[in-house]
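Peer 1: The following block contains the structure, expressed as structure tokens.
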Amino acid sequence: MSAPTGARPSTRTRVWILVLALLLLGGGATAYTLRAASGREAATTGTADPGFTLDAATGALYTRDTASGRVARVDPSAPGGRVAGGPSCDRFHAAGSTALCLRRRPGVPARSYALVLDRRLREVRRIALPGIPSRARVSASGNMLSWTMFATGDSYARSSFSTRTSILDLRTGYLVKNIEQIPLTLGGRRHHAPDVNYWGVSFAADDNRFYATVSTGGRTHLVEGDMRNWSARALRENVECPSLSPDGTRIAFKKRVSEGPREPWRLYVYEVATGREHAVAERRGIDDQALWTDPDTLAYGYGGDVWEVPADGTGAPRRLASGASSPSVPN
């Protein structure tokens, strides 16, 4: 006899409905838990979240988010104006299809890692380093990498300090652990001295020439290096942390304008062909290796934020990202 219309489901039917509901809820909860765990694991291990890559829109600005210590992509439409889903880094730079992440390791003495990352921000090489991360640079092609490490407790504000600058060629895998042994010509003569220190490398478009700062005898110099010939020559004094423009015609740098400890540097631009230099409109003391975000604009860190200013000396500084450092435009 068939059940009358509108009759309540049998006990067996109700049990099966309950089981099905629990399975559906459990599956959803499991998926959510796995996604959440994946995000937590990325944060705790220092790796990038799935989907956080260098494949953002052309001209996208990446920085290090101070609050989380992770690489973030500036996005005005996102909460807080950025998406912080990248790897954990103390210094970061990216260009071409390569990113360089310098990460401090816990413990004493100070030790760090240089992490070479691909375009999806997956680790492809890890190099153990002594010291504290200071500067990081990737050539426009993504083939050449350089980093500078401070010896424990040192800083650029000290009258004397020790750095170690390395260069890695990804095409061959060859690593120069310390470029201090490169033959240096200073004042037209071969220079030998135990106090030679290099920092702040910037690569030319040919992946052979590079610019850097060398300190010796209490003075700093801009040097032009040649990888193939393994040589370097000093070009001019009082140049630190050079950054070559995309067209190779200008070099942004920090120039010491005061011997005092409070904001001793100003940001300048040097014209390679003419030798002329001019200050930019940023009048505060900048202790950073500026970044050319385009042929006419410089980005840099100051006061815990990232700023930009026109390279020709006009205009005024403008804040790009609060609570951020290590600006980078990979495309």
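Peer 1: When you scan region 242-259, how many residues do you find that are of a type outside the set (D, E, K, R) and over 23 Å from L170 (Cα atoms)? Spell out the reasoning first.
Peer 2: Of all residues in region 242-259, those of a type outside the set (D, E, K, R) come to 242-246, 248-249, 251-253, 257-258.
With the extra rule that they be over 23 Å from L170 (Cα atoms), the set shrinks to 249, 251-253, 257-258.
Summing the residues that are of a type outside the set (D, E, K, R) and over 23 Å from L170 (Cα atoms) in region 242-259 gives 6.
Peer 1: Can you report the number of residues in region 53-98 which are over 21 Å from R319 (Cβ atoms), of a type in the set (D, E) and surrounded by 17 or more Cβ atoms within 10 Å (Cβ to Cβ)?
Peer 2: So the count comes out to 1.
Peer 1: Here is a further query. Tell me, yes or no, whether region 270-291 has at least one residue that is under 22 Å from P76 (Cβ atoms) and touching a residue at least 24 places away in the same chain (Cβ under 8 Å). Full working, then the answer.
Peer 2: So in region 270-291, the residues under 22 Å from P76 (Cβ atoms) come out as 291.
Within this subset, residues satisfying the condition of being touching a residue at least 24 places away in the same chain (Cβ under 8 Å) are 291.
The answer is yes, given that some residue of region 270-291 is under 22 Å from P76 (Cβ atoms) and touching a residue at least 24 places away in the same chain (Cβ under 8 Å).
Peer 1: Suppose we filter region 231-262 for residues that are on the phi > 0 side of the Ramachandran plot and either in a loop (DSSP other than H, G, I, E, B) or open to solvent by 10 Å² or more (accessible area, probe 1.4 Å) (or both); how many remain? Don't jump to the end; show me each part of the working.
Peer 2: Residues of region 231-262 that are on the phi > 0 side of the Ramachandran plot, as a first pass: 238, 241, 248.
After this cut, where a residue has to be either in a loop (DSSP other than H, G, I, E, B) or open to solvent by 10 Å² or more (accessible area, probe 1.4 Å) (or both) as well, the list is 238, 248.
Count: 2.
Peer 1: Could you run through region 321-331 and say how many residues are of a type outside the set (S, T, N, Q) and in a strand (DSSP E or B)?
Peer 2: Going residue by residue through region 321-331, those that are of a type outside the set (S, T, N, Q) are 321, 323-324, 327, 329-330.
Filter again for in a strand (DSSP E or B), leaving 321, 324, 327.
Count: 3.
Peer 1: Further question on the same structure: Could you check how many residues of region 263-320 are part of a strand (DSSP E or B) and polar (S, T, N, Q)?
Peer 2: The first filter runs over region 263-320 and keeps only residues part of a strand (DSSP E or B), leaving 265-271, 277-279, 291-294, 297-302, 305-310, 318-320.
Filter again for polar (S, T, N, Q), leaving 293, 297.
So the count comes out to 2.
Peer 1: Something else about it: I need a count of the residues in region 67-83 that are under 13 Å from the mean Cα position of the chain (by Cα) and in contact (Cβ under 8 Å) with a residue 40 or more places away in the chain. Can you show your working first?
Peer 2: The first filter runs over region 67-83 and keeps only residues under 13 Å from the mean Cα position of the chain (by Cα), leaving 69-73.
Adding the requirement that they be in contact (Cβ under 8 Å) with a residue 40 or more places away in the chain leaves 71-72.
Of the residues in region 67-83, 2 are under 13 Å from the mean Cα position of the chain (by Cα) and in contact (Cβ under 8 Å) with a residue 40 or more places away in the chain.
Peer 1: Suppose we filter R111, R103 for residues that are open to solvent by 10 Å² or more (accessible area, probe 1.4 Å), farther than 23 Å from V272 by Cβ and in contact with a Cys (Cβ under 8 Å, 6 or more places away or on another chain); which single one remains?
Peer 2: Values: R111 fails: in contact with a Cys (Cβ under 8 Å, 6 or more places away or on another chain).
Among R111, R103, only R103 is open to solvent by 10 Å² or more (accessible area, probe 1.4 Å), farther than 23 Å from V272 by Cβ and in contact with a Cys (Cβ under 8 Å, 6 or more places away or on another chain).
Peer 1: Is it the case, given these coordinates, that R209 is without any contact (Cβ under 8 Å) to a residue 24 or more places away in the chain and farther than 29 Å from D247 by Cβ? Reasoning before the result, please.
Peer 2: Working: without any contact (Cβ under 8 Å) to a residue 24 or more places away in the chain: yes; farther than 29 Å from D247 by Cβ: no.
No, not satisfied.
Peer 1: Continuing with this model, one more query. For region 203-230, name all the residues that are not acidic (D, E) and not in a strand (DSSP E or B).
Peer 2: Step one: of region 203-230, the residues not acidic (D, E) are 203-205, 208-223, 225, 227-230.
Scanning region 203-230 gives A204, A205, N208, G217, G218, M227, R228, N229, W230.
Peer 1: Only one residue in G173, G153 is at pLDDT 95 or above, open to solvent by 20 Å² or more (accessible area, probe 1.4 Å) and on the phi > 0 side of the Ramachandran plot, so which one is that? Walk me through how you get there before you give the answer.
Peer 2: Working: G153 fails: at pLDDT 95 or above.
Exactly one residue qualifies, and that residue is G173.
Peer 1: For region 288-331, which residues satisfy the criterion of being at pLDDT 95 or above, open to solvent by 50 Å² or more (accessible area, probe 1.4 Å) and in contact with a Gly (Cβ under 9 Å, 6 or more places away or on another chain)?
Peer 2: Hits for region 288-331 are D294, Y302, S322.
The values are calculated or read from the model by the stated rules, or taken from the named source; none is laboratory data. These numbers were taken from a predicted model, which means no experiment stands behind them. Because the Cβ atoms are built from the backbone with ideal geometry, glycine has one as well, and the counts that use them run over all protein chains shown. Protein only, heavy atoms only, side chains kept; ligands, DNA and RNA dropped before computing areas. Shrake-Rupley method; radii C 1.70, N 1.55, O 1.52, S 1.80 Å.
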